[in-house]
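Encoded as structure tokens, the structure appears first; notes follow it.
All of the numbers you see were taken from the coordinates with simple rules; none came from a lab. The model shown is predicted, which means the values in this text are computed figures rather than measured ones. Cβ sites come from the backbone with ideal geometry, for glycine too, and all protein chains shown count toward neighbours.
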Amino acid sequence: MRELLNPARPDVPASLPPAQPPPPAAPPQASERPPSRPPAGRGRRARHAPQVERIACWSARHRIAVVIGWLVLAMAALLAGQLLGTQSRPQYGPGQAGQADQTLHQLGVVSPPAESVLIQARAGSPGYAGNPAMRGAVTDVVRSLRQLPGAARDIRSPLSTGGQALLSAGGRSALVTFQVAGPHSRADTTVGEDLAAVARAQGRHPGVRVAEAGDASTDRAASALMGQDFRKAEFTSVPITLILLLAVFGALIAAGIPVLLAGSSVMVAVSLLAIPSHWLPIGSSTSELVLIIGMAVGVDYSLFYLRREREERAVGASFPAALATAAATSGRAILVSGLTVMISLAGLLLTGIDLFTGMAVGTILVVGVAVVGSLTFLPALLSLLGSWSDRGRIPFLGRHRTEARPSRLWAALVRQVVRRPLVWGGAAVLALLALAAPALSMRTGSPAIDLPSRLPVVQTLGQIQRDFPGRPAPAQVVVTGGNLSGPGMRAAVAALQSQASGHGTIHRPVTAQLVGGGRGLVISVPLAGNGTDATSTNALLALRNRILPATVGTVPGTSYAVTGDTAGHYDFKAALHSRTPLVFAVVASLALMLLMVAFRSLAIPLISIGLNLLSVGAAYGLVTLIFQHGWLQGALGFTSFGAIIPWVPLFMFVFLFGLSMDYHVFILSRIRELRARGTPHREAVVGGIASCSGVVTSAAVIMVAVFSIFATLSIIDLKMIGVGLASAVLIDATVVRGVLVPAALALLGERSWYLPRWCSRLLPGPGPHAG
């Protein structure tokens, strides 16, 4: 790459030698390589080269400084992240539930996790009254928990006053309930002492079943399981990606470059998350999403760049000329794709939900870092390596792996499509619409517990629910205002208690407690139903809309909000349903404007958005069939609960809408590049797709493999994400890019590139070079 330097003339921008005008040639066939783009010359010509090309050439000239700078940036970000530390700011849900939780936090009220110990008679044994072993086990559990210093409090059992409510019908099951003591943030650790005490009690009473389950023990099991799952994903995804890249490039060094870019981008982004975590709610799941998306876009962008640079060298271009052409073409496609992905992910911010805020910030950050690395670090590294990037060739893969050539198979398919676009395109649209049809009946909801049924804590919770039905966590009415202990509020609470019954909308006992030094009042109201069914939802709405306005709402100078598990789930779903259309509309509109600026066309953005929506819809339909209707649940290792996790469809949309634009922009840029050289429209479509098919197919195979790993994990929402993303990428890279894109372009012909004058006047600039 030394020929990029010009030490003899430091006053002249070091760029590339001027290209000689190519001789006239017939339009290239799909199997032939079209002439490479003339590299930027010196002086005035270099100054008018595309910005991304100038950035790449500057990075190549200062290759050692740029490579060292990138590595120093990664190390500095890692050190800064360690020094600053990621703050665990509380995440609040939307709606009334989030407002109530925030009020409780301001009042310093922390609800300790509740735990239950199930003592159950073995088959054939009598119930509690006639079973000394059960009574002895209850006594032993209570004594063991009380002996633990600072681990359990508020212990209740059938031995307590009013303890009959803790015996099941028939007395074959008994509960010992308690609250995990200590700081709420350490409950997952503290509950380990309780679990150990209960396990020792089980060993002393083999004649009965003694098992614990609850909020803290479930969180502890979930954290351990998710840790195992993500370690599995991390340790599996990188080797699989490297193996597939070896198959793509046939050379060890070239295969390592995308992994290096993606891995360093993820490390920088995860470390830099420590900064916004001091004022934004960055959840623990954000790092895992940064890993998924960072590896996806990092590998994609590297593939685009490397394949184009090799393609240029394969037809005789010098290394500097190949790098400049790759920068001006693939580099521009990377920039447009990255901006589209970031715009799509920014749509999550429009939901106003704290959970999505962290996701959006982290994923936008890693995509931005990957784009910057692709435009600076990648050309500098390639310049530094030179021909060494082809070293370490793998035996038996053959030399052709190191040369990017158009695909004859895809060229033959696309040529058939452009001959009969209506037949091929119509068949593909009908197939995808049929696959998307099940999504029309999609239901959203959450399982009672998002953990595999094989876990002991899940089995215990299920048994408790069966033996003690209708015991959802009560709703909490958080009241603030003046004189909360006055006669008016006492009368209102009494009126609320009078409406509770054993079989009505709200159940007994309704209790009230002053909190925060009298600045707040928390009223606990048990709801009908099991906490997640329609009965509980109707009870919540009756409490909010009818019962509270007629009781607590009549006290002047006070305000209230209702929270709890049922309220939290309801408000989250309601916020998603109301905000999702806005997210869809804004993301699609911004992508439309960005693509209009990039391609100076009205039809191209409309086609892109329409095809993206079609592929996302097909993925929705497949996810509905598998997870709502239970297809393949045995093979994938889950039990369907008849619905889709509420946040999964929205996240799939914003991620897939952005990610699929990578392939779309890359292909359309190549087609437009050929048109700019005078290639007829249909031949440009065939040649462009055939030239890009190798890199698009390679990137898609890698993404499908990585996303499929998540389909093997234990948590059901991760399975949904893995299946949805893998299927959508596969559909997008085959049916959409191989059939629908050429069919649509063939049907529109030259009108594909039409831009009305009024649009042209509104868009900035005269339009970039095709790339």
Computed helical MRE - 222 nm, the chain, DSSP H runs ≥ 4 contributing -39500 (n - 2.57), nearest 500: -19000 deg cm²/dmol
Proxy exposure order for Tyr570, Tyr620 (fewest C-beta within 10 Å first) is Tyr570, Tyr620
If each part is reduced to its alpha-carbon centroid, region 457-521 and region 340-388 end up apart, in Å, by 47
Just how large is the dipole of region 95-220 about the Cα centre, in debye to the nearest 20, putting +1 at every Lys and Arg Cβ and -1 at every Asp and Glu Cβ? 580
For region 293-355, with only Lys/Arg (+1) and Asp/Glu (-1) charged at the beta-carbon, what is the dipole magnitude about the Cα centre, in debye rounded to 20? 220
Sort Asp533, Asp565, Asp662 so that the residue with the fewest other Cβ atoms within 10 Å of its own Cβ comes first and the one with the most comes last. Asp533, Asp565, Asp662
Relative to the first principal axis of the alpha-carbon coordinates of the chain, what is the inclination of helix 132-146, with its axis defined by its Cα atoms, in degrees from 0 to 90 and to the nearest 10? 70
Once both labels are modelled 7 Å past Cα along the beta-carbon direction, what's the Ile243-Arg419 spacing in nm? 3.9
So, over other residues within a Cβ distance under 15 Å of Arg419, counting Lys, Arg +1 and Asp, Glu -1, the net charge is +2
To the nearest 20 Debye, how big is the dipole of the chain about its Cα centre, given +1 on the beta carbon of each Lys and Arg and -1 on that of each Asp and Glu? 1660
Any chance you could check the Cα centroid distance between region 221-271 and region 593-664 for me, in angstrom? 23
Taking Lys and Arg as +1 and Asp and Glu as -1, residues besides Ile293 with C-beta under 15 Å from its C-beta add up to -4
Largest to smallest principal axis extent of the C-alpha atoms in region 623-767, angstrom: 56, 33, 24
Provide the gained length on full extension for the span Val72 to Val701, in nm with one decimal, where the gain is 0.36 nm per separating residue minus the Cα-Cα distance. 223.2 nm
Would you be so kind as to identify which of Val583, Gln82, Thr376 lies farthest towards the positive end of the dipole of the chain, taking Lys and Arg as +1 and Asp and Glu as -1 on Cβ and the Cα centre as origin? Thr376
Looking at the chain, identify the longest residue range that excludes and avoids all trypsin sites (Lys or Arg not before Pro) in DSSP loops having at most 13 other Cβ atoms within 10 Å. 455-771
Using the beta-carbon distance between Gln164 and Asn538 and R0 = 25 Å, what value does 1/(1 + (r/R0)^6) give for FRET efficiency, to the nearest 0.05? 0.30
What does the charge count around Ile506 come to, taking other residues whose C-beta lies under 13 Å from its C-beta (Lys +1, Arg +1, Asp -1, Glu -1)? +3
So if the hydrodynamic radius of region 95-220 is defined as the Kirkwood radius over C-alpha pairs, what does Stokes-Einstein give as its diffusion coefficient at 4 °C and 1.567 mPa s, in µm² per second? 84
Degrees, to the nearest 10: 354-375 long Cα axis against longest axis of the chain: 20
Least to most buried among Ile292, Ile155, by other C-beta atoms within 10 Å and fewest first, runs Ile155, Ile292
Of Ala213, Val142, Ala129, farthest towards positive along the dipole that unit charges on Lys, Arg, Asp, Glu beta carbons give region 95-220: Ala129
From the backbone phi of region 447-456, what are the Karplus-calculated ³J(HN,Hα) couplings (6.51 cos²θ - 1.76 cosθ + 1.60, θ = phi - 60°) in whole Hz, Gly and Pro given as x? x, 4, 8, 8, 9, x, 5, 6, 6, x
Top positive-direction residue, dipole computed over the chain with Cβ charges, set Ile119, Leu195, Ala65: Ala65
